[in-house]
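Quick one: this structure, given as structure tokens, is what I'll be asking you about.
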Amino acid sequence: MKRIVLFVIVLNLWGCNETPISKEDISFLNGYWEITEVEFPDGQKKNYSINPSVDFIQVENMEGFRKKLQPSFNGTYTTSNDTESFKIIRINEAFTIQYKKDRNEWEEKLVHLDTMSFSVLNTEGKTYSYKRFQPITIPK
């Protein structure tokens, strides 16, 4: 009985650990993303079910840019010329995205990343969760 309890405890602890993000995983950021949720430091959450804009992210050699786009039903996107350049650095086994635009600088810690979703934690303690954008197509 003790072995079973010990096995269940070890299995739970092992299953609760986040898989660390590798340098190779950073390429998963490339593409179109829509925000799904913001979790505030006090635990409250704001869900986003419909998004008028999506983020396009392009990363190469740990540097890249992020751009806001408005998708259209015909598969095209409207955008401005505003982009947010960034570089990704590794700090204590974690990756941090450092943005710099005009005179503003900020950073976000990458806390989760896979092919279909990612999350970042900003310096204010807010966690932003994103899912890969799937365009809405209307049959002709």
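What tally of residues in the stretch 73-86 results from selecting those that are among the polar types (S, T, N, Q), in a loop (DSSP other than H, G, I, E, B) and closer than 18 Å to Glu105 by Cα? I'd like the intermediate steps shown before the answer.
So the first thing to find is which residues in the stretch 73-86 are among the polar types (S, T, N, Q), and the list is 74, 76, 78-81, 83, 85.
If we keep only those that are in a loop (DSSP other than H, G, I, E, B) as well, we get 74, 76, 80-81, 83.
From what is left, the residues that are closer than 18 Å to Glu105 by Cα are 83.
Residues in the stretch 73-86 being among the polar types (S, T, N, Q), in a loop (DSSP other than H, G, I, E, B) and closer than 18 Å to Glu105 by Cα: 1 in total.
Go through (1) free of Cβ contacts under 8 Å to residues at least 24 places away in the same chain; (2) in contact with a helix residue (DSSP H, G or I) (Cβ under 8 Å, 6 or more places away or on another chain) for Ile88 and report which single condition fails.
If we test Ile88 against (1) free of Cβ contacts under 8 Å to residues at least 24 places away in the same chain; (2) in contact with a helix residue (DSSP H, G or I) (Cβ under 8 Å, 6 or more places away or on another chain), just (1) comes out false.
Which numbered condition in (1) outside any helix (DSSP H, G or I); (2) of a type outside the set (A, V, I, L, M, F, W, C); (3) at pLDDT below 95 is the only one that Arg3 fails?
Unmet for Arg3, out of (1) outside any helix (DSSP H, G or I); (2) of a type outside the set (A, V, I, L, M, F, W, C); (3) at pLDDT below 95: (1).
Still on this structure, please answer the following. Could you tell me whether the stretch 35-42 includes any residue that is aromatic (Phe, Trp, Tyr) and surrounded by 15 or more Cβ atoms within 10 Å (Cβ to Cβ)?
First, the residues of the stretch 35-42 that are aromatic (Phe, Trp, Tyr): 40.
Subset that is surrounded by 15 or more Cβ atoms within 10 Å (Cβ to Cβ): none.
The answer is no, given that none of the residues of the stretch 35-42 is aromatic (Phe, Trp, Tyr) and surrounded by 15 or more Cβ atoms within 10 Å (Cβ to Cβ).
Further, regarding this structure: Among Phe40, Phe65, which is the only one that is modelled with pLDDT of 85 or more, in contact with a strand residue (DSSP E or B) (Cβ under 6 Å, 6 or more places away or on another chain) and of a type in the set (Phe, Trp, Tyr)? Walk me through how you get there before you give the answer.
Values: Phe40 fails: in contact with a strand residue (DSSP E or B) (Cβ under 6 Å, 6 or more places away or on another chain).
Within the list Phe40, Phe65, the selection yields Phe65.
Hey, another quick one. With the requirement that a residue be farther than 23 Å from Asp102 by Cβ and in contact (Cβ under 8 Å) with a residue 24 or more places away in the chain, what does the stretch 60-81 give you? Walk me through how you get there before you give the answer.
Step one: filter the stretch 60-81 for residues farther than 23 Å from Asp102 by Cβ, giving 61, 71-77.
Selection gives Pro71, Phe73, Gly75.
Mind telling me which of the residues Gly31, Gly75 ends up being of a type outside the set (Lys, Arg) and surrounded by 15 or more Cβ atoms within 10 Å (Cβ to Cβ)?
On the way: Gly75 fails: surrounded by 15 or more Cβ atoms within 10 Å (Cβ to Cβ).
When all the criteria are applied, what remains is Gly31.
The rows are residues; the columns are (1) among the hydroxyl-bearing types (Ser, Thr, Tyr); (2) surrounded by 14 or more Cβ atoms within 10 Å (Cβ to Cβ); (3) outside any strand (DSSP E or B).
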residue	(1), (2), (3)
Ile88	no, yes, no
Phe95	no, yes, no
Tyr99	yes, yes, no
Trp106	no, yes, no
Val111	no, yes, no
Leu121	no, yes, no
Glu124	no, no, yes
Ser129	yes, yes, no
Gln134	no, no, yes
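Given the criteria at pLDDT below 95, among the polar types (S, T, N, Q) and surrounded by 10 or more Cβ atoms within 10 Å (Cβ to Cβ), does Thr115 qualify? I'd like the intermediate steps shown before the answer.
Values: at pLDDT below 95: no; among the polar types (S, T, N, Q): yes; surrounded by 10 or more Cβ atoms within 10 Å (Cβ to Cβ): yes.
Here the answer is no, as Thr115 does not meet what is asked.
What pairs come out if I take residues in the stretch 91-108 that are on the phi < 0 side of the Ramachandran plot and pair them with residues that are assigned to a loop (DSSP other than H, G, I, E, B) and modelled with pLDDT under 95 whose C-beta lies under 6 Å away, six or more apart or interchain?
Phe95/Ile21
Shifting gears a bit: Looking at (1) assigned to a loop (DSSP other than H, G, I, E, B); (2) exposed (fewer than 15 other Cβ atoms within 10 Å of the Cβ); (3) at pLDDT below 95, find the lone condition where Gln70 falls short.
Of the numbered conditions (1) assigned to a loop (DSSP other than H, G, I, E, B); (2) exposed (fewer than 15 other Cβ atoms within 10 Å of the Cβ); (3) at pLDDT below 95, the odd one out for Gln70 is (1).
The values are calculated or read from the model by the stated rules, or taken from the named source; none is laboratory data. Note that this is a predicted model, so its numbers are computed, not measured. Here Cβ is always computed from backbone atoms with ideal geometry, including for glycine, and neighbour counts include all displayed protein chains.
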